[in-house]
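*Asks:* I'd like to ask you about the structure that follows.
Just so you know, all these numbers are worked out from the coordinates, no wet-lab data involved. What you see is a predicted model; the values in this text were computed from it and never measured. FYI the Cβ positions are ideal-geometry reconstructions off the backbone, even for glycines, and counts take in every protein chain you see.
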Amino acid sequence: MTLKMSFSVLPEIEIEEKLCGFDFTLKWLLDSLMKNDKLFKKFSEAKTLKRLETKDVSEGKGMFSTVLKVELFFVNEKKEDEEVYTTILKIPGVESFKAIMEEGKDVEELKFGGNSLTPAIIQMHDIECDFYNLVAPLIPDFVPRVYYAQRWIKDIHQGCLHMEDLSPRGKNMYYFNTLTVPQFKNVIDALAFFHSRLMNLEESEWRGKFVPPRNVFSHVIGFVQEMSPKFLDITKSGKKELTELYFNEKIQKILNNQEFIDFAFFESHLKIGLPTLLVHADLWASNIMFKIDSEGNFTDELVALLDWQCLREGNWMLDFVKLTTCSLDGDIRREMEETIFDFYISKLRTYLQRDPGFTAIQMKKSYEFYFLAHLGYATTMPGAIFGAIKATNAPKDTVTTNGSSATSESRLDEARIDRCTLRAIHAYEDALILLDSGEYDEWL
């Protein structure tokens, strides 16, 4: 069938077929590309679409959406070698959570921010749509181009973000990877630039536009209680130590103290003297893309910050805490906690061309409050991520070790789980030091 476009499609290609079972068809995608992507329009001119491949590239890297990479293979009139054009569909949904829920349990029983899961994710998708319309133009150098944003209207149509494929330039990591010191500092540098753009704007241009209900991101005690035991169950090396730390009386009191969590989220930075800014709120390794070298290895150069669905006004120390807790091994985190706040202030002062009005000391104090309030994610995130990987990965490459049957993939996962276990142990150890200091006794 030939579309009314500048290229043709082989008759055997079914353009009305849904991509990976989602609402979006090949015809929908081609229409969007022709309307919104100038590079595609030029690339496809006078060619024939011969075939396509669609795959989920989000497995093990996220929970609130499925990311489809669509490869479109074209030939020219002379039927020479295929040329490929790739594009991305990010589709919000609960698929990852369905994979890890206990049999017979409804995914909507899982509460996120006090809401059932689907309404919470719909709201998050709306936020990301608004981000790309209103905020992304402030930082075009480190966000992907979005060609089309469709909101998710339950029982009517699915939502999506149709965006450029950045994989030729870079790639993102898995939860079990750790950032290097230069990578981490480059992300903090980007945050300083982002904050400087906000601080140099009239507040009316962004204040009041990203204010989700108060409890959407702070009321996650149930989520922590659901996912953390899943991680404890699969740990091996360090299992006893991590379990004892997680169930420590003081740790449990702070993890389950909603009053303290609310204070850390909404008030601590103001009392310490930090401004309210826009917060990415989901900043960890899988939502950051770094440039790759000619062999596909990570470099330290930042390409893009991804997944802005949790964006909100508030305490921007969350971005520091999420990044250090979830994406730095304990030794690197401890090293960076001694220097990164001075580094940030230096960068921010350079971008602002003035003093920001707060200090590294104030930042670190606010960081420590948030570190305690967000502590549960040190076990919650790996519980969710490894649970999803385990549920979707089939065994492969069987090998024999000490006479027992295993798979190379499962052995890799065991080592990765060990790494994340040690990362969590170090986080809980440092939290206990803070709680033993006496500064937080009123919350215990």
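*Asks:* Measuring from label point to label point, each 7 Å out along Cα→Cβ, what is the residue 79 to residue 335 span in nm?
*Replies:* Going by the 7 Å Cα→Cβ label model, 5.8 nm.
*Asks:* Quick one: if the Förster radius is 35 Å, what FRET efficiency do residue 313 and residue 167 give, using the C-beta to C-beta distance and rounding to 0.05?
*Replies:* 0.65
*Asks:* Which order results if 239, 230, 90, 154 are arranged by neighbouring Cβ count within 10 Å, fewest first?
*Replies:* Neighbour counts put them in this order, fewest first: 154, 239, 230, 90.
*Asks:* So, one more: Around residue 281, under 12 Å between beta carbons, what's the net of Lys plus Arg minus Asp minus Glu among the other residues?
*Replies:* -3
*Asks:* Tell me, how many Å apart are the Cα centres for the stretch 250-285 and for the stretch 137-215?
*Replies:* 20 Å
*Asks:* Moving to a separate point now. Could you pull out the pairs from 322/347; 209/291; 38/90; 171/322 whose alpha carbons sit more than 23 Å apart here?
*Replies:* 209/291
*Asks:* With a sphere of radius 14 Å drawn around the Cβ of residue 353, what net charge do the other residues whose Cβ falls strictly inside it have (Lys, Arg +1; Asp, Glu -1)?
*Replies:* +3
*Asks:* Give, rounded to the nearest 20 debye, the magnitude of the charge dipole that the stretch 167-443 has about its Cα centre when Lys and Arg contribute +1 at Cβ and Asp and Glu contribute -1 at Cβ.
*Replies:* Approximately 560 debye in magnitude.
*Asks:* Quick one: 157, 426, fewest Cβ neighbours within 10 Å first, how do they rank?
*Replies:* Taking fewest neighbouring Cβ atoms as first place, the list is 157, 426.
*Asks:* Here's a follow-up. Grab the Cα-Cα distance for residue 291 and residue 250, subtract it from 0.36 nm times how many residues apart they are, and report the gain in nm with one decimal.
*Replies:* 10.6 nm
*Asks:* Residue 209 to residue 35: extension gain in nm, 0.36 nm per residue of separation minus the Cα-Cα distance?
*Replies:* 59.8 nm
*Asks:* Next question, about the same structure. Positive end of the dipole of the chain, charges at C-beta (+1 Lys, Arg; -1 Asp, Glu), about the Cα centre: which of 84, 74, 7 has its Cα farthest in that direction?
*Replies:* 7
*Asks:* Quick check on the chain: helices-only [θ] at 222 nm, where DSSP H runs of length 4 and up contribute -39,500 (n - 2.57) each and the sum goes over total residues. Nearest 500, please.
*Replies:* -13500 deg cm²/dmol
*Asks:* Run the simple label-point estimate for residue 412 and residue 243 please: 7 Å along Cα→C-beta, distance reported in nm.
*Replies:* Output for this residue pair reads 2.9 nm.
*Asks:* Residues of the stretch 238-264 with backbone nitrogen within less than 12 Å of a virtual label 7 Å along the Cα-to-Cβ line of residue 221, please, listed as ranges.
*Replies:* Taking a point 7 Å out along Cα→Cβ of residue 221, the residues of the stretch 238-264 whose backbone N falls under 12 Å are 252-262.
*Asks:* Compute the separation of the alpha-carbon centres of the stretch 310-357 and the stretch 14-40 and state it in Å as a whole number.
*Replies:* 39 Å
*Asks:* Within a 10 angstrom radius of the beta carbon, how do 95, 442, 267, 368 rank from fewest other beta carbons to most?
*Replies:* 442, 267, 95, 368
*Asks:* While we're here: Does the stretch 167-443 classify as rounded, prolate or oblate by the C-alpha gyration tensor (a ≥ b ≥ c root eigenvalues; a/c under 1.5 gives rounded; else a/b over b/c gives prolate, otherwise oblate)?
*Replies:* Here the stretch 167-443 falls in the oblate category.
*Asks:* Please compute the net charge surrounding residue 263, taking Lys and Arg as +1 and Asp and Glu as -1 over other residues with Cβ under 12 Å from its Cβ.
*Replies:* Summing Lys and Arg as +1 and Asp and Glu as -1 gives -3.
*Asks:* For residue 197 paired with residue 141, estimate the spin-label separation in nm (one decimal), with each label point 7 Å from Cα along the Cα-to-Cβ line.
*Replies:* Here the modelled spin labels are 1.0 nm apart.
*Asks:* Roughly speaking, what is the stretch gain from residue 352 to residue 69, that is 0.36 nm per residue apart minus the C-alpha to C-alpha distance, in nm to one decimal?
*Replies:* So the extension gain works out to 98.1 nm.
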